[in-house]
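Q: Dumping the structure here so I can ask a few things about it.
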Ligand code: BG6
């Protein structure tokens, strides 16, 4: 049974408290933390949004959200108790309405946290009003959702606005990938074992692949997605974070700035990506299934729903080692994996063994979280020393049973906010550095009016993505 450490009493205000993210993730997540015994004492959740609701109306809304997205049905006996901790304040994010009510509701002596689950265009207005109406208090924390800008200029502006009202130690920029259990396991595997770290460099690693494949399309959120595309929606943030954790130098401690300093160094060492090192794709129509353009309701859209790219890191550890990244929607399977492919042995002592044997460490992020190490052994039988590659495969759920059950990314991250632990949140300079690398790629596409390659739904992406890696004499791992 997992150990749960209760957090301090808090007042958590969710701006956008009636919105999609709040209903799907934040509120059901808080309920699960409540059931788990982590949200204790007198902690409260205060929804704040435009709708004219009262506490009772909000409790009804949350009750429905938990029924729909909760995943804690067996504990619904405690739902009333949880609902009693909820309050609601109608608020005008860009005007003055509701702010004094919110101020009156806040208590001293408890952690104050404010979750900005609203359109990014409102972040600045909220920060300013929290401050000018004296709602925040000196140790308040603000939680900021993605997207954090849509380019370097926008991110800088946003950082500057937030910084004029809050210190960096008060700002929690969410990348929910960092809250995923297995993503944190990347650090445990790398830095908690003697086995891997000595080999984790260009002397032993041939290349690294990072795949985040989804089966969903963009239906329903096309209007946001079409202005964003896979590069902004996934690569600049989630894949970049995975890359950082795989490639960074060992921090001296597992502590917010120690970790974030190392991640920043990786981003700063990224080589620019040339046009031939990147492939964009867009999913085509299929029998009975709409095309990307139909889903996005933009018949002339050039937005990409798939990206594959090759990048290099200019530092002593990684020079010469290619990193291949890909992500896309409507692919073959929902499957996220990082694979570290080690180099061939320089010499084989086994006569007649011409097959290429390789050690591959694969870390499955989702689903079916686990690690798999491909090792070479002797094929059983009397036929001499014939070698065969077999998996040393471990699924965390099998190895750990119930203990493998981890809180969802959002639950964990919210609890970290209350604890005041910023390790799994992005620092302002990190986000800016990631945009500095991304911007020229997107600007290049725009300047060339680049047309994404169509790919078949349920495939592994466009043919050109295969070419990207085949030319180097390598191949993508199967999306399974
Ligand atoms: C979000 C993106 O940040 O991450 C979505 O906006 C994407 O487009 C989602 O589907 C993927 O997250 P997860 O947790 O389902 O892998």
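Q: Run the simple label-point estimate for residue 315 and residue 390 please: 7 Å along Cα→C-beta, distance reported in nm.
A: About 3.8 nm, to one decimal.
Q: Quick one: order 206, 60 by neighbouring beta-carbon count within 10 Å, fewest to most.
A: 60, 206
Q: Oh, and also: Please determine, in degrees from 0 to 90 and to the nearest 10, the orientation of helix 428-448 with respect to the longest principal axis defined by the Cα atoms of the chain, where the helix direction is its Cα long axis.
A: Rounded to the nearest ten degrees, it is 70.
Q: Can you tell me how much longer the chain between residue 358 and residue 40 gets when fully stretched, taken as 0.36 nm per residue apart minus their C-alpha distance, in nm with one decimal?
A: 109.5 nm
Q: Can you pull a Stokes-Einstein diffusion coefficient for region 335-427 at 25 °C (0.890 mPa s), Rh from Kirkwood over Cα pairs, as a whole number of µm²/s?
A: The diffusion coefficient I find is 147 µm²/s.
Q: Could you tell me the largest-minus-smallest coordinate of the C-alpha atoms of region 10-145 on each of the three principal axes, in descending order and whole angstroms?
A: Principal axes ranked by extent give 43, 29, 25 Å for the Cα atoms.
Q: Under 20 Å from a point placed 7 Å out from the Cα of residue 448 along the Cα-to-Cβ direction: which residues of region 280-311 have their backbone N that close?
A: Answer for this model: 280-283, 301-311.
Q: Rounded to whole Å, give me the distance from the Cα center of region 429-466 to that of region 361-393.
A: Cα centroid to Cα centroid, the span is 34 Å.
Q: Once Rh is set to the Kirkwood radius over Cα pairs, what Stokes-Einstein translational diffusion coefficient, in µm²/s, holds for region 268-426 at a temperature of 25 °C and a viscosity of 0.890 mPa s?
A: Translational diffusion coefficient: 120 µm²/s.
Q: Related question: Whole Å is fine, so just give me how far the alpha carbon centre of region 274-353 lies from that of region 28-67.
A: 40 Å
Q: Can you tell me which of 373-384, 469-480, 314-325 comes out highest on packing, and rank the rest after it, using the mean Cβ neighbours within 10 Å?
A: Ranked from most to least packed, the peptides come out as 314-325, 469-480, 373-384.
Q: With contacts defined as alpha carbon pairs under 8 Å and 6 or more residues apart, what's the relative contact order of region 363-480 in percent?
A: 12 percent
Q: Taking every pair of alpha-carbon atoms in region 259-308, what share in percent sits in each 10 Å bin, from 0 to the bin with the longest distance?
A: For region 259-308, the binned pair fractions read 20, 30, 24, 19, 7 percent.
Q: What is the gain in length, in nm to one decimal, between residue 133 and residue 94 on full extension, counting 0.36 nm per residue of separation less the C-alpha to C-alpha distance?
A: In short, 12.8 nm is gained.
Q: Between residue 196 and residue 156, what length comes free when the chain is fully extended (0.36 nm per residue of separation minus the Cα-Cα distance, one decimal in nm)?
A: Stretched fully, the residue 196-residue 156 segment lengthens by 10.7 nm.
Q: Rounded to whole Å and sorted largest first, list the principal axis extents of the Cα atoms in the chain.
A: The principal-axis extents, from largest down, are 80, 53, 47 Å.
Q: Per DSSP helix of 4 or more residues, -39500 (n - 2.57); summed, then divided by the residues of the chain. What does that give at 222 nm, rounded to the nearest 500?
A: For the chain, the value works out to -8500 deg cm²/dmol.
Q: Please express the Cα-Cα pair-distance distribution P(r) of region 76-200 as a list of whole percents, one per 10 Å bin, running from 0 to the bin with the greatest distance.
A: Reading upward from the zero bin: 11, 32, 28, 19, 9, 2.
Every number in this text was worked out from the coordinates using simple rules, so none of it is lab data. Keep in mind that this is a model prediction, so the values were computed, not measured. Counting neighbours? That spans all protein chains shown, and the Cβs are built from the backbone with ideal geometry, glycine included.
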